[in-house]
Amino acid sequence: MTDTLVKFDRVTKRFGDFTVLKDLDFEVKKGEKVTIIGPSGSGKSTVLRVLMTLEPINEGVVYVDGRPLWHEEKNGRLVPAGEAHLREMRRSLGMVFQQFNLFPHMTVRRNLIEAPVRVLGLSRKEANKRAEELLAMVGLTDQADKYPQQLSGGQQQRVGIARALAMRPQVLLFDEPTSALDPELVGDVLKVIQQLAEEHDLTMLLVTHEMDFARQISDRVCFFDQGTVCEEGPPEQIFKTPKNQRTREFLHAVLHPNE
Amino acid sequence: MLFGYAWDTSSNWAFAVSILPILLQGMIVTLEATVLGFFIAAVLGLIFAVLRAVPLRLVSWPTIFIVEFFRDTPLLIQLFFLYFVLPEYGLLLPAFLTGAVALGVQYSAYTSEVYRAGLEAVDRGQGEASRALNLPPAHTFIKIILPQAIPRIIPALGNYLISIMKDVPVLSVVTVVEMLNVAKIIGDRTFQYMIPLTMVGALYLIMTLLASYLVRTLDNRLPTQGIPLK
Amino acid sequence: MWDYLPALMQGAWITLELTFWSTLAGAFCSFFFGLGRGSRNLLLKSVSVAYIEVFRGTSLLVQMFWIFFALPLMGVRMSPMTAGILALSLNIGAYGAEVVRGAIQSVIRSQYEAAKALNFTPRQALWFIALPQALPEMLPPFGNLIIQNLKDTALVSLITLSDLAFRAESLRNLTQDSTTIYTLVLFMYFGMALMLTAIMKLLERRVGRWRGTGAR
Ligand SMILES: Nc1ncnc2c1ncn2[C@@H]1O[C@H](COP(=O)(O)OP(=O)(O)OP(=O)(O)O)[C@@H](O)[C@H]1O
Ligand SMILES: [Mg+2]
């Protein structure tokens, strides 16, 4: 139960001259629910995007389930990985996007079925069964044959979660899943994520600005600043007795915006 | 022998070199037809765009129909119409002029659309803002709307100039001796079509590449002064 | 006037046939070279770029004459119909290829990222995610190209195909009744263009069904 599933080993990521992740060391254990908080531009999304293989890294090694994500071993040395390796590694990862990124030309059902059929090789029948279960879980059984534009933002994001789950990933990444939503729709989505966290041993890595929610669901909270983990610990400790000055300032600004 | 130049069929290379000046003579006609045709299209299109904007259906609807009609019928037929029908009513134009008018008529349909789209793209709010400031309508149009529309209009017109250039060979059917016609005549006389026709193709490629480069440069040079295009 | 109609109608039928086949072959060229241009295969990419530049950069009539007069001297013989369709479709295909490329480029990056996160291969992402979304984007410019193609078919009369334009010219030679004949022919082309526009509008409505389907 204490196996490490995700590990960043001195990872550096640059955009041009700008260093987003600086010698980042960071770990997530199997089944752990980790929340990343931190100021805008601190590299939170970048961490997730690196893990999802959407952004390559410049230095260091990322491990997923003990295997290097961005590298392959050749003659005892680590070399940059090819597409085949990345595809294999991606099988254990799934992502929920801030802007949902549903496929607009497919119905909700097809959004859920397409990848399992084409990528995992499931039969349409199996994939459909899986889709029905997931839609029931996110409470959208009756919306299956609508197109994404016909749904509310909250409903779309729940489809986004179901779509990622349909691939049965080991790690699910959430990049601010509720920040594109109208305030009254946030609750439904958070409820689904919370249910997921409580009922499954799925490993979850979540970037959010919903501090109460982070406190409720996480096993651990990481405060990111300027591309490194500034402070991490159990939610109670981080929120009640932050040790680091910057963590304190950040939490104060977020929790008491009017002072 | 054409335009006083003889050709040399001793080798492919010599042939190509010897007919180049002849083709260039044709190219001059091509360019002249392009420029004149473009001028007519630009003016006629502007007239259509204005008539179309007249808030009187008796004027705007027929204009819309005419523009659509010009756009949807082939240049070749329009050219034949002008070439054969106008003389029956006593209007006898030289072939070159008839050809340029046909090009102008065909492309006026496209240019009028360019003007319309260019003016419409200028945010409606700009007109309203100007009225709110109590500026007179003429001032609004000349000082506010036009300067913002022109940077959109010019490049689009430039692209039609290039299209017109590529349509000039159609004029050869009414005896205009433009570049393709020259090549065809050389071919008919020497039974060598490959070299002159390929050369015309290559010259066209050079002309269009050059022209699109010029249009792009013009586009970049135009003072857009912070006007958000697109 | 009614005496001219049978001959002109036959010509119009040839015109429609030419438009149909060259549009079909042109659509194939559009997709093949439009996708080829974005390919990672360097050979396919350079062939596509060269094709697009050459056929957009030169005049259709030059291309037609080249295929009809120059190619036979190299031993490539074909009927006027084949030559006409070949020239028209290669020409329209080059413009169509740019439409295809532009439409695919207009698919936003986050769609590719979502596809990647679901582990689609780049090719699957292109075929199942990007292309279907690009298709409605392509239809209006394709509609314009089809009208362009219809008008361009008139040029095949110059390589002896007896289409509508050709019939008109022969009738004029015979009767010298230019006004009636050419007015008639202009309206026949206009009618065909309106018909094609209507068909394309229907198609647009069907293909873009998933777009703008009601408010939230
Ligand atoms: N593709 C890119 N090219 C250049 N710079 C980028 C790119 N993506 C991100 N950055 C920069 O990297 C930094 C970190 O970005 P990141 O999106 O990881 O921040 P974040 O912590 O998620 O912030 P937010 O809370 O605003 O989402 C930012 O300063 C951003 O401007
Ligand atoms: Mg972010």
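The values are calculated or read from the model by the stated rules, or taken from the named source; none is laboratory data. None of the values given here were measured: they were computed from a predicted structure. So basically every Cβ, Gly included, is an ideal-geometry build from the backbone, and we count neighbours across all protein chains shown. To get the accessible areas, we keep the full protein, side chains included, count just its heavy atoms, and leave off ligands, DNA and RNA. Shrake-Rupley method; radii C 1.70, N 1.55, O 1.52, S 1.80 Å.
Among the residues of region A:166-194, the ones that are outside any strand (DSSP E or B), open to solvent by less than 60 Å² (accessible area, probe 1.4 Å) and more than 16 Å from ligand 1 (Cβ to nearest atom) come to 11 in all.
What are the residues in region C:170-190 that are more than 7 Å from every other protein chain (Cβ to nearest Cβ) and surrounded by 12 or more Cβ atoms within 10 Å (Cβ to Cβ), if any?
Applying the first criterion (more than 7 Å from every other protein chain (Cβ to nearest Cβ)) to region C:170-190 yields C:170-171, C:173-177, C:180-181, C:183-184, C:187-188.
Once the filter is applied, which keeps residues that are more than 7 Å from every other protein chain (Cβ to nearest Cβ) and surrounded by 12 or more Cβ atoms within 10 Å (Cβ to Cβ), region C:170-190 yields C:Ser170, C:Leu171, C:Thr175, C:Asp177, C:Thr180, C:Ile181, C:Thr183, C:Leu184, C:Phe187, C:Met188.
Number of residues in region B:193-215 that are closer than 22 Å to C:Ser157 by Cα and in contact (Cβ under 8 Å) with a residue 40 or more places away in the chain equals 2. Contact map, region B:1-27: first residue closer than 13 Å to B:Ile186 by Cα and of a type in the set (S, T, N, Q), second residue open to solvent by less than 70 Å² (accessible area, probe 1.4 Å) and in a loop (DSSP other than H, G, I, E, B), Cβ cut-off under 8 Å, separation 6 or more or different chains; pairs are B:Thr9/B:Gln192; B:Ser18/B:Ala6; B:Ser18/B:Trp7; B:Ser18/B:Asp8.
Inside region C:43-66, can you point out the residues that are more than 9 Å from chain B (Cβ to nearest Cβ) and open to solvent by 10 Å² or more (accessible area, probe 1.4 Å)?
Matches in region C:43-66: C:Leu43, C:Leu44, C:Lys45, C:Ser46, C:Val47, C:Val49, C:Ala50, C:Tyr51, C:Phe55.
Of the set (1) within 16 Å of ligand 2 (Cβ to nearest atom); (2) away from chain C (no Cβ under 14 Å), all apply to A:Leu181 but (2). Considering region A:65-116, the residues that are assigned to a loop (DSSP other than H, G, I, E, B), open to solvent by 50 Å² or more (accessible area, probe 1.4 Å) and modelled with pLDDT of 90 or more include one that is farthest from the other protein chains (Cβ to nearest Cβ), namely A:Asp65. Among the residues of region A:45-59, just one is open to solvent by less than 10 Å² (accessible area, probe 1.4 Å) and away from ligand 2 (no atom under 16 Å from the Cβ), namely A:Thr53.
A count restricted to region B:168-183 and to residues that are touching a Ser or Thr at 6+ places or on another chain (Cβ under 7 Å) and facing another protein chain (nearest Cβ under 8 Å) stands at 3. Being in contact (Cβ under 8 Å) with a residue 40 or more places away in the chain, in a helix (DSSP H, G or I), in contact with a Leu (Cβ under 8 Å, 6 or more places away or on another chain) and of a type in the set (Gly, Ala, Ser) is a property that B:Ala33 has. Of everything listed in (1) more than 9 Å from chain C (Cβ to nearest Cβ); (2) part of a loop (DSSP other than H, G, I, E, B), the single unmet condition for B:Gln192 is (1).
Might you check whether a residue that is more than 16 Å from ligand 2 (Cβ to nearest atom), more than 14 Å from chain C (Cβ to nearest Cβ), surrounded by fewer than 13 Cβ atoms within 10 Å (Cβ to Cβ) and of a type outside the set (Phe, Trp, Tyr) occurs anywhere in region A:31-44? No, that holds for no residue.
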